1. Could you tell me the relative contact order of the chain? Use alpha-carbon pairs under 8 Å, at least six residues apart, and round to a whole percent.
2. Mind jotting down the three principal axis lengths of the chain based on Cα atoms? Whole angstrom, largest first.
3. Based on the Kirkwood radius over alpha-carbon pairs, what value in µm²/s does the Stokes-Einstein equation return for the translational diffusion coefficient of segment 57-153 at 25 °C and 0.890 mPa s?
4. With a 1.4 Å probe and every protein chain kept in, tell me what percent of the accessible surface of the chain is carbon plus sulfur.
5. Quickly estimate the mean residue ellipticity at 222 nm for the chain, helices only: each DSSP H run with n ≥ 4 gives -39500 (n - 2.57), and the total goes over all residues, rounded to 500.
6. Under a point spin-label approximation (7 Å from Cα along Cα-to-Cβ), what is the residue 92-residue 43 distance to one decimal in nm?
7. Can you work out the accessible area per residue across the chain, with the rest of the protein chains kept in place, probe 1.4 Å, in square angstrom?
8. Can you tell me which lysines have their Cα less than 27 Å from the Cα of residue 92? Leave out same-chain residues fewer than eight positions away.
Amino acid sequence: MRRHGTHGDSGALLQAVQSRDLDACFYEGTCEDAGIETVLLTHYNLIVVIPTGWATELERPDWSQLAEKPWMFNSPLCSYARYVDNITREHKITPQARFHIDEDRTALNLVAGGQALTLTTTEALAASDMHDCSKLTVWPHFSHKMPFSLCYLNSRRNDPAITAIREIAQANWATPTNSP
């Protein structure tokens, strides 16, 4: 393997697979590159997290009200950024970016401080030590199932290293319907 234990935005990791800097990567979201094979492992639940102090004001499913609040945006290479783009087009809103953050923990701290709202997953929220923080509220009007997959070059599908990675990933996520 070329690099070991690389962590980063899904888009950056996918680019590293495309350039052969990485053998494979885990990817959140959908991959449209025909040269990449994806093996669906599970789905994560994408959510909007707001400061609890805004909950009463934002209790209706009104995206225009949400757009008036400051947002934290992720890197354009992050899979969340594509979902924000889809949301803004679908609801015809232009949210105001206050911060650009690439790390869920930092984003959640800023939300808890009443600075902005953010997109994250219920799994990332649960994994943080802030999942029961009274200063955070999940906005109840949005939830999206986001695929989480193993990705590698189609041309390397039968490579022994890729086969081993795929088998280990599938065994760890134990989703028998995800066979290639």
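The values are calculated or read from the model by the stated rules, or taken from the named source; none is laboratory data. All values reported here derive from a predicted model rather than from experimental measurement. Cβ placement follows ideal geometry from the backbone for every residue including glycine, while neighbour counts extend to all protein chains displayed. Heavy atoms of the whole protein, side chains included, go into the accessibility calculation; ligands, DNA and RNA do not. Shrake-Rupley method; radii C 1.70, N 1.55, O 1.52, S 1.80 Å.
1. The normalised contact order for the chain reaches 38 percent.
2. Projected onto its principal axes, the Cα set of the chain covers 55, 31, 29 Å.
3. Translational D for this selection: 172 µm²/s.
4. Whole-percent figure for carbon plus sulfur exposure: 51.
5. Per the formula, -9000 deg cm²/dmol.
6. It is 2.9 nm.
7. Per-residue value: 52 Å².
8. 69, 145
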